[in-house]
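Below: the structure, in structure tokens.
The values are calculated or read from the model by the stated rules, or taken from the named source; none is laboratory data. Predicted model only: the values in this text are computed from it and were never measured. FYI the Cβ positions are ideal-geometry reconstructions off the backbone, even for glycines, and counts take in every protein chain you see. Each accessible area value is taken on the protein alone, full model and side chains, heavy atoms only, with ligands, DNA and RNA left out. Shrake-Rupley method; radii C 1.70, N 1.55, O 1.52, S 1.80 Å.
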Amino acid sequence: MGASGTEVSKTTYREAMREALREALRSDDRVFLMGEDVGRYGGCFGVSLGLLEEFGPERVRDTPLSESAFVGAGIGAALAGMRPVVEIMTVNFSLLALDQILNNAATLLHMSGGQLPVPLVIRMTTGAGRQLAAQHSHSLEGWYAHIPGIRVLAPATIEDARHMLAPALADPDPVLIFEHGSLYNASGELAPPTAPVDLDHAAIRRPGTDISLITYGGSLTKTLAAADELAAEDISAEVIDLRTLRPLDDAAITASVARTHRVVIIDEGWRTGSLAAEVSARIAEGSFYELDAPVERVCSAEVPMPYARRLEEAALPQTADIVAAAHRAVD
Amino acid sequence: MSVARSSRTRKDPARPKSGKKTATSKPSASTESPARQPSTGHRTDLLEAMLRIRRFEERCVELYSATKIRGFVHLYIGEEAVAVGINEALTPEDAVVSTYREHGHALARGIPAESVMAEMYGKATGCSGGHGGSMHLFDASRRFYGGSAIVAGGLPLAAGLALADRMRAQPRVTCCFFGDGAFAEGEFHETANLAALWGLPLLLVCENNLYAMGTALAREHAQTDLAMRAASYGMPAWAVDGMDVEAVEQAARRAVEGIRAGTGPHFLELRTYRFRAHSMYDPDRYRDKAEIEQWKVRDPINRLTDRMRENGEPVEKELARIEQRITDEIDHAVAAAEQAPEEPVENLLRHVTSSPAEAVS
Ligand SMILES: Cc1ncc(C[n+]2csc(CCOP(=O)(O)OP(=O)(O)O)c2C)c(N)n1
Ligand SMILES: [Mg+2]
């Protein structure tokens, strides 16, 4: 309702995503939603609640517990002209469909010499923060960003939750959307877009001059909080939200480093071989002479995510860690 | 690309047949006895289609030894009756999903030998532009969706093609080939359940050649009656003599009729045998030479010509004519592949994504 109108409305990340799905289902009869418990249950995080009633079981399709089969079915349906939106409950379970994502979705266009684009959207939850322990909390989007042939999105704001799906569906290639589980209840104002939403550019969420804080997804809120704290100490931090993890917006990263000359990268993935490592390497390659301090990274501790609240908090990047890293870079 | 491809389709032997095929397709009464009285012409067509695959692959062996073709090459020799018999029941509107042992499926489907050979050579004129090779043959214009070298990896995708048809009430069938080894993979079982649950128009064609690489059927399956196990998913499933092209055709017609009538997925277990090693790399140490010889007695090509002779059909004359035509066709395919341009290295990053700009990131 309101979220698709022309006025500013109060909504949540979850509702914004649902509204995006509703709009897609309404405006294009090739679109259908498929996944475990997306229908009757309303989606394991409640994103698709009510869509079954509105669009029926053909287009809001509950699947058996067969990640490989229904992701592969999404690929096949996309090849045959449909525009499936496949939901995988969490990134952890996507590993059971990794074969289909990597060996089919990402490769078919190339292996077929350009004959077979796969216009498929796969959505899944990622990330920790809800004491779900070591099989429901990891951030593996950096792995997916490793794969040529797919686009990887991480909507971090209500606006992006609402508006990234349409361009993702318009993309002729597979698009993976990672929704951080801690974001669903985030509420805020949603204004109609002032410019066309594109999937190629990072966003400056807060302009600054002293240091670049580069992040995405679930870490954006913590990073903005860190920027607030730094502002109180007269350190002007620029917050870059990558938004698209593949392909990376190199120009935005380079431009920000050229303004601030100091960088902290915040990534909920494990540090080793992480997306943060990739961003850091690109800065070393492209902006080396702009740097006034070594690049800092704030990532998750290299442990399987623990259950106990205090341990989980200690394992995750926190605002205080970001502030401390910024101090190391600035001092 | 596909436009260019169809324009260089010099001749397309298997394709024109499919037009009249639907007209001759009559409901079959049972599997035991052929319901349609096969005409001499039809048997000759079947013979030619099988011989084309046999001779094409024999030439591939030579070209492999001559290092013109590289990579993994999996030969279909001995199993030709399966691809040819199944293809008889399909129309150009139907879809085919195949494996890495796919030259037979591709040729039976009507992809020109020239286009397949160029792909084996890794040339730009190949049916996958040289990006795929022997294991990844594609032809979107013939709804031939490859060419998957992940054992069982094509099955979920085939279910999706069938799902799209079901959702849009398209009276088409998707045919998916896979082996006895694939039957042990989770992706097979997930797909069988999903397809039966949703009543998808999917023909599951299990080529049971008794081996998954070097592992014999009984060493990979606790229960080796694969058709029976497939039936447990609630779909019609039965075993067929995969060395008898007419038996395969008849079973395929019956299954496809069932699927088109809306009774959901069907499973066929084709009992067959590969006469050659698993791939060009395989020293074939895991089976008895005597076993191979026993199966060669049932060679699907000889089986058909014997039957034609028994029926007093003019086999020898036909054979000479067919062999000549196929030799010419393959000679031409090889010559064309030799001449064909390579994809320029500057195009390395093409077709990674649909937008060329993204290839850099
Ligand atoms: C997922 C996967 N595991 C293993 C392999 C290696 N491999 C290639 S073919 C093959 C045997 C498959 O046997 P089957 O399904 O019976 O088909 P066939 O080769 O007999 O036609 C194996 C193990 C593979 N390609 N993919
Ligand atoms: Mg086998």
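For residue A:152, the residues whose amide H sits under 5 Å from its own are A:176, A:245, A:246, ignoring neighbours fewer than 5 places away on the same chain, with H placed 1.01 Å from N.
Per-residue Karplus couplings for region B:263-271, computed as 6.51 cos²θ - 1.76 cosθ + 1.60 with θ equal to phi - 60°, are listed in order as 8, x, x, 10, 10, 10, 9, 9, 7 Hz, Gly and Pro entered as x. Highest GNM mean-square fluctuation among A:123, A:162, A:40, for chain A modelled with Cα contacts below 10 Å: A:40.
Of the residues in region B:152-180, those shielded by at least 10 Å² of accessible area once partner protein chains are present, compared with the chain alone at a 1.4 Å probe, are B:153, B:156, B:157, B:160, B:161, B:163, B:164, B:166, B:167, B:168. Other residues whose C-beta falls under 12 angstrom from the C-beta of residue B:132 contribute a net charge of -3, scoring Lys and Arg +1 and Asp and Glu -1. The B and A chains share an interface that buries close to 3500 Å² of accessible area, total over both sides, probe 1.4 Å. Partner aspartates and glutamates whose Cα lies under 16 Å from the Cα of residue B:317, excluding those fewer than 8 positions away in the same chain, are identified as B:45, B:48, B:306. Across 5 Å bins from the origin, how do the percents of Cα pairs in region A:203-330 run, short distances first? Spelled out bin by bin, region A:203-330 gives 2, 12, 23, 25, 20, 11, 5, 2, 0 percent. Could you work out the percent of alpha carbon pairs in region A:124-265 separated by over 24 Å, rounded to a whole number? In whole percent, the share of Cα-Cα pairs in region A:124-265 beyond 24 Å is 33.
Rounded to the nearest 20 debye, the dipole magnitude of region A:9-190 is 40 debye, with +1 charges on Lys and Arg beta carbons, -1 on Asp and Glu beta carbons, and the Cα centre as origin. Annotation: per residue accessible area for region A:9-190 equals 30 Å², rounded to a whole number [probe 1.4 Å, protein chains only].
Stokes-Einstein diffusion for the protein assembly as shown at 10 °C, viscosity 1.306 mPa s, with a Kirkwood radius from C-alpha pairs, works out to 58 µm²/s. Once backbone amide H atoms are built at 1.01 Å from N, residue A:179 has A:124, A:125, A:126 as its partners under 5 Å, excluding neighbours fewer than 5 places away on the same chain. Over region A:9-190, the ratio between the Cα radius of gyration and 2.2 N^0.38 Å evaluates to 0.95.
All other residues whose Cβ lies under 9 angstrom from that of residue A:145 are scored, Lys and Arg at +1 and Asp and Glu at -1, for a net of -1. Under the convention that each Lys and Arg Cβ holds +1 and each Asp and Glu Cβ holds -1, the size of the dipole of the protein assembly as shown around its Cα centre is about 2000 debye. Within the accessible surface of the protein assembly as shown, defined with a 1.4 Å probe on protein heavy atoms only, the carbon and sulfur portion equals 54 percent. In region B:257-361, the C-alpha radius of gyration followed by the widest Cα-Cα span (Dmax) gives 23.0, 66 angstrom. Dipole of chain A computed with +1 at Lys/Arg Cβ and -1 at Asp/Glu Cβ about the Cα centre; of A:266, A:20, A:197, farthest Cα towards the positive end is A:20. About its Cα centre, region B:15-360 has a charge dipole of approximately 680 debye under the convention of +1 per Lys or Arg Cβ and -1 per Asp or Glu Cβ, with nothing else charged. The helix-based estimate of mean residue ellipticity at 222 nm for the protein assembly as shown, built from -39,500 (n - 2.57) per DSSP H run of four or more residues and divided by its residue count, is -11500 deg cm²/dmol to the nearest 500. In region B:188-325, taking the dipole from charged Cβ atoms about the Cα centre, the farthest positive-side position among B:227, B:263, B:300 is held by B:263. Please label the shape of region B:15-360 as rounded, prolate or oblate, based on the square roots a ≥ b ≥ c of the eigenvalues of the alpha-carbon gyration tensor (a/c under 1.5 means rounded; beyond that, a/b larger than b/c means prolate, else oblate). Verdict is rounded for region B:15-360. In region A:71-87, burial by the other protein chains removes 30 Å² or more of accessible area from A:73, A:76, A:79, A:80, A:82, compared with the chain on its own (1.4 Å probe, ligands and nucleic acids ignored).
Per residue, region B:237-361 exposes 51 Å² of solvent-accessible protein surface, assessed with a 1.4 angstrom probe and all protein chains in place. Distant-in-sequence amide contacts of residue A:240, defined by a placed amide H-H separation under 5 Å and a gap of 5 or more residues or a different chain, comprise A:205, A:213, A:214, A:215. Tell me which of A:157, B:182, B:117 sits at the most positive position along the dipole axis of the protein assembly as shown, charges placed on C-beta atoms (Lys, Arg +1; Asp, Glu -1). Checked the options; the winner is B:117.
Accessible area per residue for region A:203-330, computed on protein heavy atoms with a 1.4 Å probe, is 42 Å².
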